[in-house]
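The values are calculated or read from the model by the stated rules, or taken from the named source; none is laboratory data. For clarity, every value in this text was computed on a predicted model and none was experimentally measured. In this analysis, Cβ positions are derived from the backbone assuming ideal geometry, glycine residues included, and neighbour counts consider all displayed protein chains. The area values use the complete protein model at the heavy-atom level, side chains included, leaving out ligands, DNA and RNA. Shrake-Rupley method; radii C 1.70, N 1.55, O 1.52, S 1.80 Å.
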Amino acid sequence: MAQINLPFSKRNPRQWKLLDLITFALFATVFVFFLLVFTRLGDSLAASGRETLVLSSTSDPKQRHKLLSLVESGKHSIESCPYEAVDHMPCEDPRRNSKLSHEMNFYRERHCPLPEESPLCLIPPPKGYKISVRWPDSLQKIWHNNVPFNKIADRKGHQGWMKEDGQYFIFPGGGTMFPDGAISYIERLGQYIPISGGVLRTALDMGCGVASFGAYLLKEDILTLSFAPRDSHKAQIQFALERGIPAIVAMLGTRRLPLPAYSLDLVHCSRCLIPYTAYNATYFVEVDRLLRPGGYFVVSGPPVQWVKLDKEWADLQAVARALCYELIVVDGNTVIWKKPSADSCFPNENEFGLELCSESDDPNHAWYHKLKNCISKIPSSAGEYSVGTIPNWPERLSKPPSRAALLKNGINVFEADTRRWQRRVSYYKSLNLKLGTPAVRNVMDMNAFFGGFAAALSSDPVWVMNVVPARKSSTLGVVYDRGLIGVYHDWCEPFSTYPRTYDFVHVSSIDSLIKNRCNLVDLMVEMDRILRPEGTVVIRDSPEVIDRVSRIASAIKWTSVVHDSEPDSKSSEKILVATKKLWRLSS
C-alpha cells in the first residue's frame, strides 16, 4: 500500500498540543519576568503583596496578637507599608471619616480605628525625600519632594503664602489677610496689644494656613501653637511642621480642643472662617475657656465689617459684649478684644442663652470632651495667672506657678523636677544626641508632666510639644503657665500629626503610657511614623522595659544603644538612644 503523506498540522495531534502548551508556558514565564523586573507593574504588585501580607497578619485579632508577640521577642521584623500610605494619619483618614455625620464638622475631627483595623507597618518616605532643610533656613524654604502638594502654591501664591521655586517651596510670609507679609501685619497689631516685651508668650492660631503668623511671632518670643484640620490636598499643617513651626492637626467641631483652661495669652483667627456665634456662640465660648483672664482675642477677616455679613458681624459683637470683653479696636477688617481679668458683668441676660457652668464642670477636661455653651467661672486665684500679672517671659519659665500647688507638695515637686531635668538634659548632651545643633528643631516630650525637659532646652533653637497623657494628673496648665506649649493625648491612640514631623522624640516611663491597656509595639510603630528619617528617640525606663524596647527598636529598623542613667543618679533606669534610618521602598 502506498504511503499517505499527511499535512504537517495533522501529524500526531496529541503530541504537538502538549509541546505547544509547554512552549507557551515558557514564553509566558519569560514575559512575566521581564514585566515584573523592568516595569512599574512589578513595583505595584510588590506593594500590593506587602499590603496583603500586612493586612492579613493584622485583621485577625489572634494573628495580630501572635505577630506582636513575635516582634516583642525579637523574632519578627515589621514590614513597610505600601507607598499609598506615605502621608497616612490613622485618626484623620478622609476616606473613612467622610462617612460620618457632617453636623458641626464632626467628620473632620479625630476618629481612630481599633488596633486590629490598622495595618502594622512602617510608613515609607515620599519619592525623592531629602533630610529636611535645617532651621532657621526652613522658615523660608523646604524641599518640594518632602511635601509634594502644589495646591496652596497655585491658589495662594499671589497672596504670598508659598510658591514653587525649582526643587523648593518658598514662603514669602504672606497670608490672605496680610498679603504684604506677616511682619507688617504683626507690627500693626502691636499698635494695640503688647506684642513686644514678654507680656505675651503663649498664643493659638486657629485655621493657620502655613503658619506664617506663628512663625514671625517667634522673633518676639511669642510661642504659637497653630492648628488646622487635615486637608488631603493642601496639607497646611505638614507644611508648617516641615518649616519648623509648632502645629497640630485639629478641628473645632463638636469637642473641646485638647488644651487646658486659661492657658493662652492670645488667640488669633485670620480668615479661619470659624462661625463663632453658631450653636448659641459655642465656639466663642471655647475661645473664652482657653484665654487667660486679661488675654486678647483677634479676628481678622469675615465677618468683621465684611460686605453682606452685617448680621454675623453684629452677632459677633453681641457675644463679646455678653461676655464683658473690652473692645480694643476695629481696624478695617480686624477686631481686637480683651477678656476681663476677673468676673464683672457676667452672668447677665443675653440672646444666646449663655449661663455659668455648673461647679462640677472642670474646664481643664478636654480629651474627647464635648463643647459646651456655658461659661467657665474665673477662679478666685485667676489673678496669679492673668495677663499682666503672671511673670513676663522668660521669668515665668522658672517661677513655680500657682497651679502647681494644686498637687500635693506641688511647689516642691515643681522645683525638684526642674533641677532633675537640668541635670538629665546636660547628660543627654554629653551623649552627642544632636540637641543644640541645627539637626534638631521639632521636639516632642511624650510624658511631659511639668515640662521640665522642655524648660531645660529653653536656650536651644528648638520648640517642644509637651504631651500630658489624658489619664494622668492634669498638669498641662502648669506647662502653659511656664510659657511652654503642649496638648493632652492618650498614647493608646495615634497622635494628630502627619508622618515625619519631629526630629527628636523623648519619653520617660514609656510603660506607664500603655500599661494594661494597649501594646508597646503599636506605640513604637506610631513613634516611627512621627519621627523624621535620621531623627533621634530617647526612652528611659526600667532595665526590663528597655530590654523590650530594644528588641522592638530592631524590628522597626532603628539603630540603638543603651546607656546607664546619669552618673549622679540613684536611679536604676536605663536610657535607650535610637536613630531612625532613611530607608526607601525598593524599586
Just the residues that are surrounded by fewer than 17 Cβ atoms within 10 Å (Cβ to Cβ) and touching a residue at least 24 places away in the same chain (Cβ under 8 Å), please, taken from the stretch 383-394. 383, 388, 389, 392, 394
Top-ranked residue of the stretch 252-271 - restricted to ones that are outside any loop (DSSP other than H, G, I, E, B) and open to solvent by less than 10 Å² (accessible area, probe 1.4 Å), ranked as farthest from residue 444 (Cα to Cα): 269
Taking only pairs six or more apart or across chains, which ones have beta-carbon atoms under 7 Å, a first residue in the stretch 420-441 that is under 24 Å from residue 243 (Cα atoms) and touching a residue at least 40 places away in the same chain (Cβ under 8 Å), and a second residue that is among the charged types (D, E, K, R) and crowded, with 18+ Cβ neighbours inside 10 Å? 439/503; 440/503; 441/503
Identity of the residue in the stretch 365-382, open to solvent by less than 40 Å² (accessible area, probe 1.4 Å) and part of a loop (DSSP other than H, G, I, E, B), that ends up farthest from residue 250 (Cα to Cα): 378
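For the stretch 131-152, enumerate the residues that are of a type in the set (D, E, K, R) and either open to solvent by less than 10 Å² (accessible area, probe 1.4 Å) or at pLDDT below 95 (or both).
As a first pass, look at the stretch 131-152 and keep what is of a type in the set (D, E, K, R): 134, 137, 141, 151.
Passing the criteria: only 151.
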Within the stretch 443-458, is even one residue of a type outside the set (Phe, Trp, Tyr), farther than 19 Å from residue 259 by Cβ and not in a helix (DSSP H, G or I)? yes
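Is one or more of the residues making up the stretch 55-64 under 28 Å from residue 553 (Cα atoms), at pLDDT 95 or above, crowded, with 17+ Cβ neighbours inside 10 Å and not charged (D, E, K, R)?
Within the stretch 55-64, none of the residues are under 28 Å from residue 553 (Cα atoms), at pLDDT 95 or above, crowded, with 17+ Cβ neighbours inside 10 Å and not charged (D, E, K, R).
Would you mind stating whether residue 554 is touching a strand residue (DSSP E or B) at 6+ places or on another chain (Cβ under 8 Å), assigned to a helix (DSSP H, G or I), small (Gly, Ala, Ser) and surrounded by fewer than 22 Cβ atoms within 10 Å (Cβ to Cβ)? Steps first, please.
Working: touching a strand residue (DSSP E or B) at 6+ places or on another chain (Cβ under 8 Å): yes; assigned to a helix (DSSP H, G or I): yes; small (Gly, Ala, Ser): yes; surrounded by fewer than 22 Cβ atoms within 10 Å (Cβ to Cβ): yes.
Criteria met by residue 554.
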Against the definition (open to solvent by 10 Å² or more (accessible area, probe 1.4 Å) and not acidic (Asp, Glu)), how does residue 425 come out, yes or no? no
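For the stretch 570-587, what are the residues that are open to solvent by 40 Å² or more (accessible area, probe 1.4 Å) and in a loop (DSSP other than H, G, I, E, B)?
570, 571, 572, 581, 582, 584, 585, 586, 587
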Criterion first (exposed (fewer than 14 other Cβ atoms within 10 Å of the Cβ), of a type outside the set (A, V, I, L, M) and on the phi < 0 side of the Ramachandran plot) does residue 564 satisfy it? yes
What pairs can you find where one residue is in the stretch 90-112 and open to solvent by 50 Å² or more (accessible area, probe 1.4 Å), the other is hydrophobic (A, V, I, L, M, F, W, C) and part of a helix (DSSP H, G or I), and their Cβ atoms are less than 8 Å apart, with a gap of 6+ or different chains? 100/106
Assuming residue 296 fulfils every condition listed in (1) aromatic (Phe, Trp, Tyr); (2) assigned to a helix (DSSP H, G or I); (3) more than 18 Å from the chain's Cα centre (by Cα); (4) buried (at least 24 other Cβ atoms within 10 Å of the Cβ) apart from one, which condition is it? (2)
I'd like the full set of residues that are among the polar types (S, T, N, Q), out of contact with any Gly (no Cβ under 9 Å at 6 or more places or on another chain) and either surrounded by 23 or more Cβ atoms within 10 Å (Cβ to Cβ) or assigned to a loop (DSSP other than H, G, I, E, B) (or both), limited to the stretch 474-508. 474, 496, 497, 501
On the basis of being outside any loop (DSSP other than H, G, I, E, B), over 18 Å from residue 218 (Cβ atoms) and in contact (Cβ under 8 Å) with a residue 24 or more places away in the chain, does residue 511 make the cut? yes
Filtering the stretch 301-349 down to residues that are touching a strand residue (DSSP E or B) at 6+ places or on another chain (Cβ under 9 Å), part of a loop (DSSP other than H, G, I, E, B) and of a type in the set (Ser, Thr, Tyr), which residue is nearest to residue 191 (Cα to Cα)? 325
List, please: which pairs have Cβ atoms under 7 Å, are six or more places apart or on different chains, and start with a residue in the stretch 366-382 that is closer than 17 Å to residue 293 by Cα and end with one that is of a type in the set (S, T, N, Q) and in a helix (DSSP H, G or I)? 381/402
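Given the criterion of a type outside the set (A, V, I, L, M, F, W, C) and at pLDDT below 95, identify the matching residue among 271, 243, 289.
271
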Can you work out which of the residues in the stretch 99-130 that are among the acidic types (Asp, Glu) and at pLDDT 95 or above is farthest from residue 523 (Cα to Cα)? 103
